[in-house]
Each structure stands twice: as structure tokens, then as C-alpha cells.
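Data block below; observations after.
The values are calculated or read from the model by the stated rules, or taken from the named source; none is laboratory data. Keep in mind it's a predicted model, so treat the numbers as computed, not measured. Here the Cβ is made from the backbone with ideal geometry for all residues, glycine too, and neighbour counts use every protein chain on show. Note: accessible area is taken over every heavy atom of the protein model, side chains too, but ligands, DNA and RNA are not part of it. Shrake-Rupley method; radii C 1.70, N 1.55, O 1.52, S 1.80 Å.
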Amino acid sequence: GTAVGGEELRSRVATLLAQSRARSTALTDAVDEADLVAQHSPLMSPLVWDLAHIGSQEELWLVRDVGGREPLRPEIDGLYDAFQHSRASRVELPLLTPSETRAYVAQVRDKALDALERSPLRGRRLVEHGFAFGMIVQHEQQHDETMLATHQLRAGAPVLHAPPPPAGSAPAAREVLVPGGPFTMGTSTEAWALDNERPAHVVHVPAFVIDTAAVTNAEYAAFVDAGGYDDPRWWSEEGWAHRVGAALEAPRFWRRDGSGAWFRRRFGREEPIVADEPVVHVCFHEAQAYARWAGKRLPTEAEWEKAARFDPATGRSRRYPWGDEEPTPAHANLGQRHLQPAAAGAFPRGASPLGVQQLIGDVWEWTSSGWHPYPGFEVFPYPEYSQVFFGGDYRVLRGGSFGTAPAAVRGTFRNWDHPIRRQIFAGFRCARDARPEEAA
Ligand code: AVJ
Ligand code: FE
């Protein structure tokens with residue numbers, strides 16, 4: 001973990017709070033008032049809800065809890081409680097207007113910064129308050145990624161702009177063997193790890209083989225063109241029922257032009273599908289069907305984390321594939337610096353010791369695992385973050401996307417979603433069992 005002193009933490013938190021707010025502001029200032037309050041998809045909240053919810057959570061955890069202050073606007077708590085209103089119904093609520101919302105989040109932020117200044121950040125308070133600030137930084141960044149997904153679903157002219165990611169050429173080895181044996185999964189020392197990432201525990205992962213890159217658009221298009229969506233052999237029973245019921249034919253946002261070439265709409269722009277970029281906007285069922293067609297399978301969550309963190313030279317689990325240092329722009333495509341995933345091979349400095357690339361950033365990666373607590377799990381700080389979702393039909397996603405902030409992802413970070421969801425920035429990589437002669 002990271003042993004950080006109180007004053008270093010205080011300035012780090014101030015910087016991260018400013019960064020997340022700059023991003024929330026950019027995402028909400030990019031559109032007009034009508035777009036802010038509109039429902040762009042029943043899967044998403046109006047953008048103005050996300051912004052006020054960011055403020056509401058910050059008020060609860062930093063102003064009231066850490067700061068010990070009275071509620072600013074107790075009457076609106078319920079409106080912005082994610083458990084009281086479904087995303088689809090939030091547009092009907094008497095929400096704060098855009099200008100009221102902006103004033104509210106600014107007022108909350110002033111008081112949260114005051115709480116940051118006053119916190120002793122020593123001893124027990126260093127751990128408790130430090131975690132509360134870290135949780136709120138991550139929470140705002142998670143909703144920023146959600147708002148980015150809303151932008152992708154929004155119709156109309158483009159409003160977001162960013163340079164393209166660096167180019168790359170596919171790693172020389174297509175797949176690597178991850179040796180069998182014990183591996184320490186999860187963490188008990190990572191200061192800002194959420195409850196579901198804890199505690200560290202040893203798992204025995206048999207030898208397996210994993211792809212060094214995520215499945216690309218060209219590879220996925222080959223599956224589509226081979227009739228993969230018409231052949232129930234590749235799909236689970238549940239996946240096939242969904243494929244038929246939802247009339248899935250290709251990744252979300254893909255369409256063919258008259259000549260049969262693939263195009264997509266990305267943040268309001270029509271673009272040809274780029275062959276060597278990771279496929280994105282596929283659901284778990286599509287990922288699973290592709291893997292079966294390719295003679296492979298999805299990695300389990302433990303396999304994914306071992307491929308990302310295990311250092312065979314020391315037997316130790318790293319914080320990130322490249323080591324223990326925080327992500328820089330040379331390591332991974334994170335933080336909405338680019339509005340798309342980067343081509344396979346674009347971040348060789350982010351490789352794991354075994355040579356697996358781009359595990360962090362670019363696209364969330366579906367795993368075959370359901371959403372379950374680790375042995376020894378303890379709710380912290382509230383059951384609605386992780387616990388209430390355990391055991392549902394969710395599948396675990398790992399690694400973060402181009403829209404995930406560096407502060408909101410690490411080797412141990414666990415995300416989850418329903419297996420039919422495609423609006424998130426999710427792709428996948430394939431794995432397979434090691435053949436006996438490979439494992440030996
Ligand atoms: C961890 C991404 C599944 O967005 O539903 C945000 C994060 N929790 N507010 C979500 C979260 C509460 C969560 N995911
Ligand atoms: Fe939230």
C-alpha cells in the first residue's frame with residue numbers, strides 16, 4: 001500500500017477533487033439546458049441528476065460526516081438517492097434546475113474543502129477521513145464516466161473533443177502462459193480500495209493462457225461476418241435468448257454502409273470502424289459467444305487479476321501491471337484524455353511482467369465471474385456500495401476504460417454490471433486452459 005503523510009494527502013486530495021470537478025463541469029457545460037435535463041436513454045439518468053447526486057454524496061460523506069456540519073438541503077436527499085428512484089424515472093422528479101444544481105454543488109464543495117482544511121489527518125482520522133475523501137473522489141469520477149456514456153447515447157452534433165490516442169502494433173506474442181500456483185488476490189493495504197476489493201487472500205489459480213491484447217474490431221467483425229449471431233452453438237442458453245429477444249446483430253452503435261463496410265457513431269461523429277482497436281459496447285453474452293467461436297473462453301476474475309498483478313520473479317502481487325507506481329499517460333489510456341480505446345500494442349510500458357498489455361484502461365473487460373464477496377468481506381462504509389448487489393445476475397468487469405480516471409481504477413478494482421448491458425465502455429480479452437505440455 002501507500003503510506004502517505006497527512007499533509008501530502010491533504011494536497012493530493014485537493015488536487016484530485018479539483019480534477020474530478022473540472023471533468024464534471026466540462027461534461028455538463030458541453031450541452032445546453034434542454035440536453036442537461038433530457039432523458040437521452042432510459043438506461044441513464046439526466047445529466048443534471050448525476051451532477052446533483054455527485055454533490056449530494058459529497059455533502060453526506062464530507063460535509064455532514066467528516067465536517068460534522070448541518071445538512072445544506074436535507075429536503076433534496078431523497079431525490080438524489082439512487083435506491084429510491086430508478087434511472088428511467090429520474091427525469092420525472094422535481095429535480096433542481098441546472099443553475100440550482102451548479103450553485104448547490106459549488107456550495108457543497110466550499111464546505112468539503114473547509115472540512116479538508118480542518119481535518120487533523122492524523123492517526124485514526126488519517127485513515128477514516130482519508131478514505132472518505134478518496135471514496136468521494138472516486139465516486140465523482142465514476143459518475144463522470146457514467147455521464148460520458150450518456151454523451152455517447154445522446155443524439156445530435158458532437159460537443160466533446162480530444163486528440164486520438166497513440167498508435168501501436170499488436171504485441172509479437174498473441175498469448176502468454178500464466179503459471180499455476182498461489183496468488184494473492186485483493187488487498188488489505190491499498191488505502192482507497194473499496195470494501196469489495198478487500199481483504200487480500202491467497203487463491204490457487206491453475207496454469208492458463210491469456211491473450212496479450214483485447215479482442216479487436218477486426219477480430220470481432222470476423223465473428224459477425226462468419227454468422228456468429230445466427231448460430232446458437234456459440235451462445236449460452238441465456239445469451240441466445242437475449243440475442244434473439246433484443247435482436248442483437250453486432251456491437252451497439254455499429255452499422256454497415258451500402259458496400260458492407262462497418263461504421264459507427266461515436267460521440268456524435270460518424271466514423272469507419274478501426275480494425276486494430278479493441279471492440280467496445282458489447283455485452284457479456286456477446287463476449288462469451290465470441291470466445292466460444294474462437295475456441296477460447298473468458299478469463300475468470302482471479303485469472304484476470306493474476307495476469308495483471310502477479311510477478312513471477314518475486315511471487316508478489318503488484319498494484320498495477322507495470323509495478324506499484326500510479327498510472328501516468330505512458331502507462332495506460334485512462335481519464336478521458338482520448339475519446340476512444342487505443343489500438344492493441346499502444347502502451348507497451350503498461351505491460352505486466354508476463355507481457356500482457358493494456359489490462360488497465362482502454363476498455364472494461366468482461367470476466368466469466370459473478371459478483372461475489374471475497375472471503376472475509378466486511379461492509380465498509382455502507383451496504384449500498386457493494387453488498388446489496390452480491391449474488392444478482394451481475395458479471396465482473398476489470399481494468400477500467402479510456403473514460404475511467406486513474407484515481408478510480410487499480411489492479412484490484414472490481415466493477416460489475418448486468419450481462420446484457422452494452423452502453424458501458426466494455427470489451428474483453430480471451431483466455432484458455434493450458435494444455436498439459438504447456439503447464440508442465
Ligand atoms: C461500481 C460502477 C457499478 O455506477 O453503479 C456510483 C459505482 N456506486 N454510485 C455504479 C457507483 C454508487 C457503481 N459501479
Ligand atoms: Fe452514485
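Mind checking the dipole of the range 274-327: about its Cα centre, +1 per Lys or Arg Cβ, -1 per Asp or Glu Cβ, Debye to the nearest 20? Mind dumping the intermediate values first?
Numbers: 8 positive and 10 negative charges, 67 e Å.
Dipole magnitude for the range 274-327 comes out near 320 debye.
I'd like the accessible area for V274, computed on protein heavy atoms only with a 1.4 Å probe and all protein chains in place. Round to 10 Å², please.
Probe radius 1.4 Å; accessible area of V274 about 60 Å².
Name the residues whose placed amide hydrogens come within less than 5 Å of the amide hydrogen of D417, ignoring near sequence neighbours (fewer than 5 apart) on the same chain.
Residues meeting the criterion, in which the H sits 1.01 Å from N, are R395, L397.
Any idea of the accessible area per residue across the range 196-304, 1.4 Å probe, to the nearest Å²? Could you put the intermediate results ahead of the total?
Numbers: 4420 Å² over 109 residues.
For the range 196-304, the per-residue accessible area is 41 Å².
Given R₀ = 22 Å, FRET efficiency for D225-S169 by Cβ-Cβ distance, to 0.05? Numbers along the way, then the final one.
On the way: r = 24 Å, r/R0 = 1.07.
So the FRET efficiency works out to roughly 0.40.
Taking the Cα centre of the range 305-357 as origin, sum charge times position over the Cβ atoms of Lys and Arg (+1) and Asp and Glu (-1), and report the length of that vector in debye to the nearest 20.
Details: 7 positive and 5 negative charges, 14 e Å.
Approximately 60 debye in magnitude.
Per-residue HN-Hα couplings for the range 99-114, Karplus 6.51 cos²θ - 1.76 cosθ + 1.60 at θ = phi - 60°, whole Hz, x for Gly and Pro?
Ordered by residue, 3J(HN,Hα) equals 6, 4, 5, 4, 5, 4, 5, 5, 5, 4, 4, 3, 6, 5, 5, 5 Hz.
Show me, for the range 323-336, the HN-Hα J-couplings you get by feeding each phi into the Karplus relation (A = 6.51, B = -1.76, C = 1.60, θ = phi - 60°), rounded to Hz, glycine and proline as x.
So the Karplus estimates, Gly and Pro as x, are x, 9, 7, 4, x, 10, x, 7, 8, 6, 8, 10, x, 6 Hz.
Per the helix-only calculation at 222 nm, which mean residue ellipticity applies to the chain, given -39500 (n - 2.57) for every DSSP H run of n ≥ 4 and division by its residues, nearest 500 deg cm²/dmol?
On the way: 10 runs with 134 residues, N = 440.
Computed ellipticity for the chain at 222 nm equals -9500 deg cm²/dmol.
Give a quick list of trypsin sites (Lys or Arg not before Pro) in the range 111-166 that DSSP marks as loop, anything other than H, G, I, E or B, with at most 15 other Cβ atoms within 10 Å. Mind showing how you got there, number by number?
Details: sites: K111, R118, R122, R124, R125, R154; in loops: R122, R154.
Passing both the DSSP loop test and the Cβ count: R122.
If I build a Gaussian network model for the chain, linking alpha-carbon pairs within less than 10 angstrom, which residue out of G427, G323, G295 has the largest mean-square fluctuation?
Among G427, G323, G295, the largest mean-square fluctuation in the Gaussian network model of the chain belongs to G295.
Taking amide H positions as placed 1.01 Å from N in the peptide plane, with prolines and chain starts having none, which residues 5 or more places from V205, or on another chain, fall under 5 Å of its amide H?
Here the answer is G181, F183, since their amide H atoms fall under 5 Å of that of V205.
Whole-Hz ³J(HN,Hα) for each residue in the range 284-289, computed from phi via Karplus 6.51 cos²θ - 1.76 cosθ + 1.60 with θ = phi - 60°, x for glycine and proline: what do you get?
Using θ = phi - 60°, the values come out as 4, 5, 5, 4, 5, 5 Hz.
Can you give me the long-range amide H partners of V274? Hydrogens built in the peptide plane at 1.01 Å from N, cutoff under 5 Å, separation of 5 or more residues or another chain.
Correct list: empty.
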